[in-house]
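Trainee: Starting off with a structure, shown below.
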Amino acid sequence: MALISKNVLTTSVACLLWLAMPARAEQLDFQRQDNADKIQLSYRWTDFQNQEQSLSFELDKQVIHQQFQKLKSYQPHIAQRSVMLAMQKAARDIDPKQARIAIRKVGQELQYQVRASNPELISEWQSRLFNLERQAFDDYLASNYYARYADYLGQQGVKPDHIRYANESIVTLLPAANAIYAKLMDDSQPRAYVNILLSWIQAIPYDTLESRLTSNGSGFLPPASVLINNHGDCDSKTTLAVSLLRSMLPNMSMVILYLPGHALMGVKLSHREKDATVTIEGSDYLLVEPTGPAPYQVGEASPTSLAAIAGNMFTYEKVTGIPQATSGE
């Protein structure tokens, strides 16, 4: 069983390479103050019109310290051991009169041999073991907030489960979402909310994105961690944006777009003639670039992103699930 693809070219591309342009979303100031039960965060930055903006809110300190703290970096050999133990347990439960199964590790793969007097039973148990192997691996990933990933070439890897992180961070980040919403006029359209959110997140300092095909997930920061540490890579900032948008616009359809060395979003909003869009399963989504430092509004994207999307050099994941107030323990 190949738990992660091998012998692939690592494409650790800084998000800056994707979004570089003369103008920059500039963060003017960041302040963090830890109190007994709250973390006070304050930001100042320049928006798309080069106007100074500010934002302040408090996050629950205990919730943040408890959320996602038991998670571990992805390690293929530990995942393989977990899968092997699950398969060995299943093999022990098989009636030896029906079949005998031997499971062993050979290099980076798990191999299993089925012996039975009836050829149909051999085929049946081989199929069962294959499905069990996949299920055991998926169970291991889910228990550690990871998910399978395939790039546009079909190369297989493992990445953090971004949508699960986003959904389980909604309640934690509600003070931030409310602070953004409070900056808008009463008659503001959803597009205005997305734009002010973008200008703020784009100004947060960025990190280099590690290859999703070879990374152990250690470079990814959950949404609250991006805010309190004031930095994040493409995947981390996009997950943060998804969580905040789900909080205030829960009925808006969204997708996460995975490009080589970059991530951005698509949101289903009414669009204008010049807006950049991507068509997913027959629906048009406006492109949204949360990473920065280039200041792209809703319906704008970097030339490199546009070229990759036009060339079908991307995969996508729909934002699903019902917002819930669970912590990632």
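The values are calculated or read from the model by the stated rules, or taken from the named source; none is laboratory data. All of these numbers come straight from a predicted model, not from anything done at the bench. Neighbour counts are summed over all protein chains in view; Cβ atoms, including those assigned to glycine, are modelled from backbone coordinates with ideal geometry. The accessibility values were calculated without ligands, DNA or RNA, using every heavy atom of the protein model including side chains. Shrake-Rupley method; radii C 1.70, N 1.55, O 1.52, S 1.80 Å.
Trainee: Given Asp47, Asp93, which one is over 24 Å from the mean Cα position of the chain (by Cα) and modelled with pLDDT of 90 or more?
Mentor: Numbers: Asp93 fails: modelled with pLDDT of 90 or more.
Being over 24 Å from the mean Cα position of the chain (by Cα) and modelled with pLDDT of 90 or more holds for just one of Asp47, Asp93, which is Asp47.
Trainee: For residues that are part of a strand (DSSP E or B) and crowded, with 20+ Cβ neighbours inside 10 Å, tally how many sit in the stretch 136-156. Give the steps one after another, and end with the answer.
Mentor: To start, the set of residues in the stretch 136-156 that are part of a strand (DSSP E or B) comprises 146-150, 156.
Checking which are crowded, with 20+ Cβ neighbours inside 10 Å leaves us with 146, 149.
Within the stretch 136-156, residues that are part of a strand (DSSP E or B) and crowded, with 20+ Cβ neighbours inside 10 Å number 2.
Trainee: Spot the failing condition for Gln108; the list is (1) open to solvent by 60 Å² or more (accessible area, probe 1.4 Å); (2) of a type outside the set (D, E, K, R); (3) modelled with pLDDT under 80; (4) farther than 30 Å from Glu210 by Cβ, and only one is missed.
Mentor: Unmet condition: (4).
Trainee: Yes or no: Arg212 basic (Lys, Arg), assigned to a loop (DSSP other than H, G, I, E, B) and at pLDDT below 95? Write out each step before concluding.
Mentor: Numbers: basic (Lys, Arg): yes; assigned to a loop (DSSP other than H, G, I, E, B): yes; at pLDDT below 95: yes.
In short, yes.
Trainee: Before we move on, is Ala177 crowded, with 22+ Cβ neighbours inside 10 Å, touching a residue at least 12 places away in the same chain (Cβ under 8 Å) and of a type in the set (A, V, I, L, M)?
Mentor: On the way: crowded, with 22+ Cβ neighbours inside 10 Å: no; touching a residue at least 12 places away in the same chain (Cβ under 8 Å): yes; of a type in the set (A, V, I, L, M): yes.
So Ala177 does not fit the description; no.
Trainee: Would you say Ser199 is in contact with an Asp or Glu (Cβ under 8 Å, 6 or more places away or on another chain) and small (Gly, Ala, Ser)? Step through it out loud before you land on a result.
Mentor: Details: in contact with an Asp or Glu (Cβ under 8 Å, 6 or more places away or on another chain): yes; small (Gly, Ala, Ser): yes.
Answer is yes for this residue.
Trainee: Still on this structure: How about the stretch 52-70: which of its residues are assigned to a loop (DSSP other than H, G, I, E, B) and surrounded by fewer than 18 Cβ atoms within 10 Å (Cβ to Cβ)?
Mentor: Step one: list which residues in the stretch 52-70 are assigned to a loop (DSSP other than H, G, I, E, B), which gives 67-70.
Passing the criteria: Gln69, Lys70.
Trainee: If you don't mind, there's one more thing I want to ask. Here is a check on your reading of the model: is Tyr316 among the hydroxyl-bearing types (Ser, Thr, Tyr), touching a residue at least 12 places away in the same chain (Cβ under 8 Å) and either open to solvent by less than 60 Å² (accessible area, probe 1.4 Å) or in a helix (DSSP H, G or I) (or both)? Don't jump to the end; show me each part of the working.
Mentor: Details: among the hydroxyl-bearing types (Ser, Thr, Tyr): yes; touching a residue at least 12 places away in the same chain (Cβ under 8 Å): yes; either open to solvent by less than 60 Å² (accessible area, probe 1.4 Å) or in a helix (DSSP H, G or I) (or both): no.
Against the criterion (among the hydroxyl-bearing types (Ser, Thr, Tyr), touching a residue at least 12 places away in the same chain (Cβ under 8 Å) and either open to solvent by less than 60 Å² (accessible area, probe 1.4 Å) or in a helix (DSSP H, G or I) (or both)), Tyr316 does not qualify.
Trainee: Here's another thing I want to ask about it. State whether the residues of the stretch 189-202 include one that is surrounded by fewer than 20 Cβ atoms within 10 Å (Cβ to Cβ) and more than 22 Å from Leu269 (Cα to Cα).
Mentor: The answer is no; no qualifying residue exists.
Trainee: Checking the conditions here, which among Ser270, Ser247, Ser302 is more than 14 Å from Val194 (Cα to Cα) and either open to solvent by 50 Å² or more (accessible area, probe 1.4 Å) or polar (S, T, N, Q) (or both)?
Mentor: Ser302
Trainee: Scan the stretch 109-122 and tell me whether some residue there is among the aliphatic types (A, V, I, L, M) and in a loop (DSSP other than H, G, I, E, B). Give the steps one after another, and end with the answer.
Mentor: Initial filter on the stretch 109-122 (among the aliphatic types (A, V, I, L, M)): 110, 114, 116, 121-122.
Keeping just the survivors that are in a loop (DSSP other than H, G, I, E, B) gives 116.
Taking every residue of the stretch 109-122 in turn, at least one turns out to be among the aliphatic types (A, V, I, L, M) and in a loop (DSSP other than H, G, I, E, B).
Trainee: Separate question: Open to solvent by 10 Å² or more (accessible area, probe 1.4 Å) and at positive phi: which single residue out of Gly261, Gly217 fits that description? If you could, list the steps in order and put the result at the bottom.
Mentor: Numbers: Gly261 fails: open to solvent by 10 Å² or more (accessible area, probe 1.4 Å).
Going through Gly261, Gly217 in turn, just one is open to solvent by 10 Å² or more (accessible area, probe 1.4 Å) and at positive phi: Gly217.
Trainee: Continuing with the same structure: Glu133: assigned to a helix (DSSP H, G or I), of a type in the set (Asp, Glu), surrounded by 15 or more Cβ atoms within 10 Å (Cβ to Cβ) and within 27 Å of the chain's Cα centre (by Cα), yes or no?
Mentor: Values: assigned to a helix (DSSP H, G or I): yes; of a type in the set (Asp, Glu): yes; surrounded by 15 or more Cβ atoms within 10 Å (Cβ to Cβ): yes; within 27 Å of the chain's Cα centre (by Cα): yes.
Against the criterion (assigned to a helix (DSSP H, G or I), of a type in the set (Asp, Glu), surrounded by 15 or more Cβ atoms within 10 Å (Cβ to Cβ) and within 27 Å of the chain's Cα centre (by Cα)), Glu133 qualifies.
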